[in-house]
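S.K.: Dropping the structure in here first, questions after.
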């Protein structure tokens, strides 16, 4: 009886810490647009890992998408980890330029937008780890 109680206490005390908590994925959309036409292109990663490439010829044009493939659950999890560990949702980054790169993270009806001038060629350092992971995931998908 004592062994049962000790075992039960250990399960209660330690069990929840060792269990991975469920991670709800984000929809991630990013790309560059602007300039004379306002058109642009980029990618969308849907919560199920499906990846689409989007294009717009002009700012007023409808967005056209084509499916590129699907990311593994492990890659999706690593994207979520970067967002959480780097506290990306707390970053304030809303600069624009003639050509602007925009990143949108969407989950549970909440959108978080980030933007920066594309012509500088530099991703803001606070967002760089996430953008590097996204670009690597897309490059690996194309192989």
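S.K.: Taking the stretch 56-75 only, how many residues are in contact with a strand residue (DSSP E or B) (Cβ under 7 Å, 6 or more places away or on another chain) and surrounded by fewer than 16 Cβ atoms within 10 Å (Cβ to Cβ)?
M.R.: Of all residues in the stretch 56-75, those in contact with a strand residue (DSSP E or B) (Cβ under 7 Å, 6 or more places away or on another chain) come to 56-59, 61, 63-71.
Now narrow it down to the ones that are surrounded by fewer than 16 Cβ atoms within 10 Å (Cβ to Cβ): 57-59, 61, 63-67, 69-70.
Qualifying residue count for the region: 11.
S.K.: Using the structure shown, decide if residue 38 is touching a strand residue (DSSP E or B) at 6+ places or on another chain (Cβ under 8 Å) and on the phi > 0 side of the Ramachandran plot.
M.R.: yes
S.K.: Another one. Report, by residue number, each residue of the stretch 54-80 that is touching a residue at least 24 places away in the same chain (Cβ under 8 Å) and either in contact with a helix residue (DSSP H, G or I) (Cβ under 7 Å, 6 or more places away or on another chain) or not in a strand (DSSP E or B) (or both).
M.R.: Across the stretch 54-80, the qualifying residues are 59, 68, 69, 71, 73, 75, 76, 77, 78, 79, 80.
S.K.: From 119, 84, grab the single residue that is assigned to a helix (DSSP H, G or I), within 15 Å of residue 25 (Cα to Cα) and modelled with pLDDT under 95.
M.R.: Numbers: 119 fails: within 15 Å of residue 25 (Cα to Cα).
Of the residues listed, the single one that is assigned to a helix (DSSP H, G or I), within 15 Å of residue 25 (Cα to Cα) and modelled with pLDDT under 95 is 84.
S.K.: Of all residues in the stretch 37-53, count the ones that are assigned to a strand (DSSP E or B) and loosely packed, with under 15 Cβ neighbours inside 10 Å.
M.R.: Taking the stretch 37-53 as the starting set, the residues that turn out to be assigned to a strand (DSSP E or B) are 38-45, 50-53.
If we keep only those that are loosely packed, with under 15 Cβ neighbours inside 10 Å as well, we get 38, 41, 50.
Summing the residues that are assigned to a strand (DSSP E or B) and loosely packed, with under 15 Cβ neighbours inside 10 Å in the stretch 37-53 gives 3.
The values are calculated or read from the model by the stated rules, or taken from the named source; none is laboratory data. Predicted model, so just to flag it, every value in this text is computed and none were measured. Cβ atoms come from the backbone with ideal geometry, glycine included; neighbour counts cover every protein chain shown.
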